[in-house]
Amino acid sequence: DVKVTQSSRYLVKRTGEKVFLECVQDMDHENMFWYRQDPGLGLRLIYFSYDVKMKEKGDIPEGYSVSREKKERFSLILESASTNQTSMYLCASSPGLAASGTDTQYFGPGTRLTVL
Amino acid sequence: RKEVEQDPGPFNVPEGATVAFNCTYSNSASQSFFWYRQDCRKEPKLLMSVYSSGNEDGRFTAQLNRASQYISLLIRDSKLSDSATYLCVVNERGGATNKLIFGTGTLLAVQP
């Protein structure tokens, strides 16, 4: 079974703090993704990476950055947390169409971040 | 127009009922289609992929109509444990980027 883990299930931070969310996958997947999920808005893609040290902006990258130094690990960074970044953050990984013939994504359990 | 549109529901059905969800997508180049299930406060999990010929997995049947850009999910003999949000998912631009586009989901509540 694919396993995607996230460093925290719940996190409370203060406005202006730097926040690191970590994601690790154990299936040697090429692609990794960071989403946020808010009521009524569904999943929105923040950033994704298709290889080590490679990153691409998603639909809502403002206020976020990412790091992928190793294939299995993809970090989301909030440089200066704000209250409108309170959300559920979900990490996903995917083997990719070229590698496996499928772009199915597998999700971690999520981190519920509250910024006060 | 949203890229993937679903009726948000909720669909309240009794145990044993048959329920169908529909979804439309806007990108005619999409080639991969999925239904994901998301339980309350949990992550989305793949329920089933959707193939052109239609496919069935136990009580679940998925259909794809490329001409109308329409995907459906049929659940027969609903169980209490089927209560969840069902997300319709398509890939972007024929899979060139491996990005998936998620609908906002349809909430199903199966009543005893």
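List of remarks:
- Extension gain, B:R76 to B:R59: 0.36 nm times the residue separation minus the Cα-Cα distance gives 5.6 nm.
- Approximate spin-label separation A:L116-A:E62, in nm, with each point projected 7 Å along Cα-to-Cβ: 2.8 nm
- Only aspartates and glutamates eight or more places from B:K45 in sequence, or on another chain, were considered; those with a Cα closer than 14 Å are A:D1, A:D103, B:D82.
- 3J(HN,Hα) along the stretch B:2-12, derived from phi through the Karplus expression 6.51 cos²θ - 1.76 cosθ + 1.60 where θ = phi - 60°, amounts to 5, 5, 9, 10, 9, 6, x, x, x, 9, 9 Hz, with x in place of Gly and Pro.
- Working from label points 7 Å from Cα in the Cα-to-Cβ sense, the A:E79 to B:N22 distance is 4.6 nm.
- Test item: B:101-108 mean partner chain Cβ contacts at 10 Å: 3
- Relative contact order (%) - chain A, alpha-carbon pairs under 8 angstrom, separation at least six: 35 percent
- Computed label-point distance, nm, for sites A:K71 and B:E15 using a 7 Å Cα→Cβ extension: 4.8 nm
- Cα gyration tensor shape of the stretch B:40-104, rounded if a/c is under 1.5, else prolate or oblate by comparing a/b with b/c: oblate
- Estimated from the Cβ-Cβ distance and a Förster radius of 45 angstrom, the FRET efficiency linking A:D26 and B:S68 is about 0.70.
- For the stretch A:13-116, the ratio of Cα radius of gyration to the globular rule of thumb 2.2 N^0.38 Å stands at 1.04.
- Number of partner chain Cβ atoms within 10 Å, mean per residue of A:35-43: 4
- Lys-Lys pairs in chain A that are eight or more residues apart or on separate chains and whose Cα atoms lie under 19 Å of each other come to 8.
- Peptide ranges B:47-53, B:86-92, A:107-113 listed from the most packed, as the mean C-beta count within 10 angstrom indicates: B:86-92, A:107-113, B:47-53
- Note on B:K2: lysines with a C-alpha under 17 Å away, same-chain residues under 8 apart excluded, are B:K99.
Every number here is computed from the coordinates shown, using simple stated rules; none is lab data. Note that the structure is predicted; figures quoted are calculated from it, not measured. Positions of Cβ are generated from backbone atoms using ideal geometry, with glycine treated the same way; all protein chains shown enter the neighbour counts.
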